[in-house]
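The values are calculated or read from the model by the stated rules, or taken from the named source; none is laboratory data. Source: prediction; values computed, not measured. Counting neighbours? That spans all protein chains shown, and the Cβs are built from the backbone with ideal geometry, glycine included.
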Amino acid sequence: MEDKYSSNVLSGSKLGMVEVPDSRLTRYIVLLIISKVLKALGIFESYDILKVVHIVQFIFILKLGSAVILLFFQKPFSSGKVISKRQWIKLLKHAIFSCVISLLGFFGLTLCGPLRTLLLFEHSDVVVIALLGVLFTNSGGGPAKTRGAAFFIIAVICLLLFDNDDLMAKMAEHPEGHHDSALTHFLHTAISFLGVADHKGGVVLLVASLCLKVAFHTASRKLSVEIGGAKRLYALDNLVSAMVLLPWVIVLSATTESKVESWSSLILPFAMIIFSVIILEFYVEAICSAKMETPRCARYGAIALFLSALLLANFWTHPLTDQLRSMSKPPQQVSTEHVLSGGVLVSAVFFIMSSSILASPSKKGQKGTLVGYSPEGTPLYNFMGDALQHTSQSLPRFIKDSLKQILEEYDSRQIFYFLCLNLAFTFVELFYGVWTNSLGLISDGFHMLFDCSALVLGLFAALMTRWKATRIFSYGYGRVEILSGFINGLFLMVIAFFVFMESVTRLLDPPNINTDMLTPVSVGGLLVNLVGICAFSHAHSHGGKSCSSHDHGHSHHGHSHSEHGHGGHGHSHGGHGGHGSHGHGSHGSHGHGHSHGSGGGGMNANMRGVFLHVLADTLGSVGVIISTILIRQFGWLIADPICSLFIAVLIFLSVIPLLKDACEVLLLRTPPENEKDLNSALEKIEKIEGVLSYRDPHFWRHSANVIAGTIHLQIMSDVVEQRIVQQVTAILKDAGVNNLSVQVEKEAYFQHMSGLSTGFHEVLAMTQQMESMKYLNDGTRIL
Amino acid sequence: MLPLSIKDDEYKPTKFNLVVKLSGWFRSILADKTSRNLFFFLCLNLSFAFVELTYGIWSNSLGLISDSFHMFFDCTALLAGLAASVISRWRSNDSFSYGYVRAEVLAGFVNGLFLIFTAFFIFSEGVERALEPPDVHHDRLLPVSVAGLLVNLVGIFVFQHGGHGHSHGDEGHGHSHSLFNGSLNHGHSHGGGHQDKHGGHGHSHGGHDGHGHSHGGHDGHGHSHGGHGHSHDEPDCHNELQHTPGKGSSKQILQGVLLHIIADTLGSVGVIISALLMQKYDLMIADPICSMLIALLIGVSVVPLLKESIGILMQRTPPSLDHALPECYQRVQQLQGVYNLQEPHFWTLCTDVYIGTLKLLVAPDADARWILSQTHGIFTQAGVRQLYVQIETAAM
């Protein structure tokens, strides 16, 4: 097979990842891809030839042919240094090894078929070394590599277990049958001793020989340096191995009768195989890995090879190509094809993924954000912060971490459990539906899945809310919660609208409903949703109690569900209002703000959205059950549309408060529950000594527990700014604002500004206006 | 003592007069070019839907009726856009201290979400139909879809013009609010092309980096490069601190509505193509494939809008300032007497209005006023129009 020592020698010493512009690389990539496609073609061809030609003969011919061509090109004897005797001995050993590996590879080809051989055997050294590094050493190179290795193993396992190759199974029935030589016979018995079919044995064999090949390549690198270049070694190696194989071939052809009638008809295919599999591939690979980095070359090559192999495997059996082949092929052969199965496809996909992951260079130390340029002109990189956080994360660890996070907090835990329940119910429904082949159940299952998306959204939002603030999202991700509530609400509105429309059309023209199937399913759904409602409303009332310490008569457990939604809303308002009224002292309101922050989990927008969604589902099931009963008992077909109409209106009404609240928050409204506190706080600020006036007070709720605010203060020029800032901060903090910035302005400030800006006039006018206002203020103060 | 803040609202008669209110709304709709365009197009769409509906009822064709309902549903998007463009011009009050300018972002967001829903539904239906192609009656489809296409083409045309108009209209007004606006050159030119075509979002996302860099050092006139008025990544281009809240260009609304119309147009085109294919070649599979493609197109084209508006709603640091801000921080920290810069928060209020808050830790003997004005200057150049700097003196 192809040898490519040069790849490592030539480009292994490159420093860093110097990105060559793509335009220059394109033609190498194209060349690489073409050579890989040709190689795949050659392998397929050789599989066909191997059916008639004995494997040893085959390899002998290949080696001989390529040796002749390579001798012609490389002239290993006339150029370079003289090869010593010791080197000749080494070369002999090398050739024997390469013969053994070629034998194993092509034997695997006869066992597994060309597609599987290509998938298994044609991995570049980089990939295999990375794989082995991950598997057997600790310094694998991060989770990405581990993932790649896992993909590789999965792919092999797929080939081993899930690849139902019927034709091969037939062949595997006679492992001890007639075989061409002692060697193949021995291998067959060895494989059957292991207890697997031929084909599976071939897989194991190929993987083993792949490892051998890589080890061999790595070991022979030294020799190639000694001999004077990989190409020379390759040429000599082919020659020597042809000579090594010669006696065996002679013995073979003397003892067994050949199946081939005319060798002349095989000349063309042999030439093609020699050209595509051995010569072209070797040179192209050498060139490409010299021009590009090895990993990149390996990646493109592997992808091209696997894809073309898949395509060829699909079309090789095609009548057209069959016909084409028969022109250049002995006509008598019966082609036993290796069928394309799902397992092969999956494993091919996995192989492609794994080789692209494993072949990608480890990015450690490569990333950094360009900060700027030093005075000498060299670029400066920043490796702190973002660059370090962007390392790829291990998938299992990620799942574990997020699960831990989910279970940490009450509401996300609630959502998660309910999501699990819902999903379980959905899958049971789907399985049962598929099993009994009932379309109604399946469609209902899909509807449930769709519902789960709302839950997933809620869960995700609950998780994301707790992310730390970053440079980009400087206030943190608390708003995700509100957005998710908003989206859920909108979603529900759309659904309600559609239900409404449909029920109107049904009202005009009631269809005949098949009621047999509906009841058990809807009862099941109802039960699931009732559990959800209990869970969420429990969370709600719980949070409510912990939130408001004063007794608050908040016990609407027995109410109907729509009341619940409203109740939650009313609660948050009533609670705050009551608080504000009796909490004039700064202490009280301080406590209030705090408790609100911690009790944010009680009924935030996100939870409300999820709750409303579950509620809508419950109402839907209740409606279905009621209408089913009505239809069965009394034959009122009109009951169904009326029920759904009613439900749609209910959903719609219950969503409105949620949407309104979310919109207010998103529109940066002053939080209504803090409005009174804030107003009194502003009054207090005006009374602080030294404060002339305030300007642009903006307060808005960022998320459940962040209220941000900004304010401009105009103060007298002879006051200590610091004291005033602290006072104002304290006052506003009491009012619930916990992310505040105060800008203190004195008159000189405006003069500075007017001098600074180029648009002098307008700012000056503004300044004068401010000034006059201030005088006015002063006047009022004096008065 | 006189009251320091004057509240007009309290003394207004709260009598509810429908006619006055309606005419007020009407006038406010007609006052602005964007909302006027929206309104006219809404009227056009509604009348088309009504014609379709009556004709459908008259000829008793279910397809026409359902299509007209679909049109009505589409009108909600326009209605949302219209409402938002009116609401966003409401004056700010005590509760909504920033005014209602965010309504436009919200409207864009809602429109985008609706489009995503629509795309999803179309896609699932397409898949369903691809599995078992139904018998489509294509005799009546063609005229209706051609008419719908015409209406939508008018819409696209109008909004392209609207875009131009609005960019012109913007230049004139809007320097009344802030202290520092209008002072610097005023190359606010991202009108025309970019919120009308799909290229529009290219502008807001991808366009930024490449653009800002390639034009570095210029004084940042967006004019020449059509869609990319946003070349203000460079700190020394001063071209976007301009328009006041309240007269926003309502880019998000326009983008949302335009996407919606484009989606509709694509839908009509798809229907026409598939109807032709079905008539000529009996390719029944053409219909689901067309609708799937359209759904995908819609979905893909909505994503940038959604991303942007979610970013704004979540108080993300404006992407256009991403590159300018670190440099600004550096410059502020280099000011004499500034020890440290804490808690920088920068966010977008609405299109091109950026607000920032900072805390500066300064030396006890530093000149706070000078630092304040310098800081303001630095960030004004970067395009932050409202800045709140809290100066804290370090304890010695």
Next on the checklist: Looking at segment A:478-489 only, could you name the residues that are at pLDDT 85 or above and either part of a loop (DSSP other than H, G, I, E, B) or in contact with a Gly (Cβ under 8 Å, 6 or more places away or on another chain) (or both)?
Outcome noted: A:Ser484, A:Gly485, A:Phe486, A:Ile487, A:Asn488, A:Gly489
Checklist entry - Taking segment B:314-325, which residues are over 12 Å from B:Gly383 (Cβ atoms) and either of a type in the set (A, V, I, L, M) or surrounded by fewer than 17 Cβ atoms within 10 Å (Cβ to Cβ) (or both)? => result B:Met314
Item to check | Residue ID - farthest from the other protein chains (Cβ to nearest Cβ), chosen from residues in segment A:656-688 that are of a type in the set (Val, Ile, Thr) and in a helix (DSSP H, G or I) | outcome: A:Ile656
Item to check | Conditions (1) within 14 Å of another protein chain (Cβ to nearest Cβ); (2) within 25 Å of B:Leu313 (Cβ to Cβ); (3) touching a residue at least 12 places away in the same chain (Cβ under 8 Å); number of the one not met by A:Asn705 | outcome: (1)
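Please tell me if B:Glu343 is within 20 Å of B:Pro319 (Cα to Cα) and among the acidic types (Asp, Glu).
Details: within 20 Å of B:Pro319 (Cα to Cα): yes; among the acidic types (Asp, Glu): yes.
Judged against the criteria, B:Glu343 is a match.
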Checklist entry - Picking from B:Val384, B:Val338, B:Val362, B:Val353, which residue would you name as being of a type in the set (A, V, I, L, M), touching a Ser or Thr at 6+ places or on another chain (Cβ under 9 Å) and in contact (Cβ under 8 Å) with a residue 40 or more places away in the chain? => result B:Val353
Item to check | Residue check, A:Ala309 of a type outside the set (Asp, Glu), modelled with pLDDT under 80 and in a helix (DSSP H, G or I) | outcome: no
Checklist entry - Which residue pairs have Cβ atoms closer than 6 Å, lie 6 or more positions apart in sequence or on different chains, and pair a first residue in segment A:472-501 that is at the interface with another protein chain (Cβ under 9 Å from one of its Cβ atoms) with a second residue that is among the charged types (D, E, K, R) and in a loop (DSSP other than H, G, I, E, B)? => result A:Ile472/B:Arg316; A:Phe473/B:Arg316
Checklist entry - How many residues are free of Cβ contacts under 8 Å to residues at least 24 places away in the same chain and touching a helix residue (DSSP H, G or I) at 6+ places or on another chain (Cβ under 9 Å) when one looks only at segment A:723-742? => result 1
Checklist outcome for this item: Of those in segment A:689-702 that are surrounded by fewer than 22 Cβ atoms within 10 Å (Cβ to Cβ) and among the charged types (D, E, K, R), the residue nearest to the other protein chains (Cβ to nearest Cβ) is A:Asp696
Item to check | Residues located in segment B:368-396, provided they are assigned to a helix (DSSP H, G or I), in contact with a strand residue (DSSP E or B) (Cβ under 7 Å, 6 or more places away or on another chain) and polar (S, T, N, Q) | outcome: B:Thr375
Next on the checklist: If I ask for residues that are surrounded by 22 or more Cβ atoms within 10 Å (Cβ to Cβ) and hydrophobic (A, V, I, L, M, F, W, C), which ones from segment B:295-313 would you list?
Outcome noted: B:Ala295, B:Ile298, B:Val302, B:Leu305, B:Ile312, B:Leu313
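I'm trying to understand the selection: among the residues of segment B:346-362, which are away from every other protein chain (no Cβ under 11 Å), more than 21 Å from A:Pro697 (Cβ to Cβ) and not in a loop (DSSP other than H, G, I, E, B)?
So in segment B:346-362, the residues away from every other protein chain (no Cβ under 11 Å) come out as B:348, B:351-354, B:361.
In the following step, the residues that additionally are more than 21 Å from A:Pro697 (Cβ to Cβ) were identified as B:351-352, B:361.
Selection gives B:Leu361 alone.
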Checklist entry - Of these, B:Phe346, B:Phe379, which one is more than 30 Å from B:Gly256 (Cα to Cα), modelled with pLDDT of 85 or more, crowded, with 17+ Cβ neighbours inside 10 Å and of a type outside the set (D, E, K, R)? => result B:Phe379
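Each row is one residue, and each column tells you yes or no for (1) in contact with a Phe, Trp or Tyr (Cβ under 8 Å, 6 or more places away or on another chain); (2) more than 8 Å from chain A (Cβ to nearest Cβ); (3) over 21 Å from A:Ile711 (Cβ atoms); (4) in contact (Cβ under 8 Å) with a residue 24 or more places away in the chain.
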position	(1), (2), (3), (4)
B:Ile294	no, yes, yes, yes
B:Leu313	yes, no, yes, yes
B:His323	no, yes, yes, yes
B:Gln333	no, yes, yes, no
B:Pro344	yes, no, no, no
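Those residues that are within 13 Å of chain B (Cβ to nearest Cβ) and in contact with a Phe, Trp or Tyr (Cβ under 9 Å, 6 or more places away or on another chain), I need them from segment A:462-471; list them, please. It would help to see each step written out before you state the result.
First, the residues of segment A:462-471 that are within 13 Å of chain B (Cβ to nearest Cβ): A:464-465, A:467, A:469-471.
Within segment A:462-471, A:Met464, A:Thr465, A:Trp467, A:Ala469, A:Thr470 qualify.
Yes/no per residue for (1) surrounded by fewer than 22 Cβ atoms within 10 Å (Cβ to Cβ); (2) not hydrophobic (A, V, I, L, M, F, W, C):
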position	(1), (2)
A:Phe97	yes, no
A:Leu109	no, no
A:Pro114	no, yes
A:Leu131	no, no
A:Gly148	no, yes
Item to check | Given (1) more than 25 Å from B:Val105 (Cα to Cα); (2) in contact with a strand residue (DSSP E or B) (Cβ under 8 Å, 6 or more places away or on another chain); (3) at the interface with chain B (Cβ under 10 Å from one of its Cβ atoms), index of the condition A:Gln726 fails | outcome: (2)
Item to check | Of residues in segment B:97-136 being in a loop (DSSP other than H, G, I, E, B) and under 20 Å from the mean Cα position of the chain (by Cα), the one nearest to B:Ile289 (Cα to Cα) | outcome: B:Val101
Item to check | B:Asp365 surrounded by fewer than 20 Cβ atoms within 10 Å (Cβ to Cβ), more than 12 Å from every other protein chain (Cβ to nearest Cβ) and out of contact with any strand residue (DSSP E or B) (no Cβ under 8 Å at 6 or more places or on another chain) | outcome: yes
Item to check | segment B:79-108, subset out of contact with any Ser or Thr (no Cβ under 8 Å at 6 or more places or on another chain) and of a type in the set (A, V, I, L, M), residue farthest from the other protein chains (Cβ to nearest Cβ) | outcome: B:Leu79
Next on the checklist: Pairs needed: first member in segment A:279-297, closer than 13 Å to A:Ser360 by Cα and β-branched (Val, Ile, Thr); second member anywhere, modelled with pLDDT of 80 or more and in a helix (DSSP H, G or I); C-beta distance under 9 Å; at least 6 residues apart or different chains.
Outcome noted: none
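Looking only at segment A:623-638, decide whether some residue is away from every other protein chain (no Cβ under 14 Å), of a type in the set (A, V, I, L, M, F, W, C), outside any helix (DSSP H, G or I) and in contact (Cβ under 8 Å) with a residue 40 or more places away in the chain. Even if it seems obvious, please write down each step before you answer.
First, the residues of segment A:623-638 that are away from every other protein chain (no Cβ under 14 Å): A:623-638.
Next, only the ones that are of a type in the set (A, V, I, L, M, F, W, C) stay: A:624-626, A:629-631, A:634, A:636-638.
Cutting the leftovers down to outside any helix (DSSP H, G or I) gives us A:636-638.
Okay, now just the ones that are also in contact (Cβ under 8 Å) with a residue 40 or more places away in the chain, so A:637-638.
Yes, segment A:623-638 contains at least one residue that is away from every other protein chain (no Cβ under 14 Å), of a type in the set (A, V, I, L, M, F, W, C), outside any helix (DSSP H, G or I) and in contact (Cβ under 8 Å) with a residue 40 or more places away in the chain.
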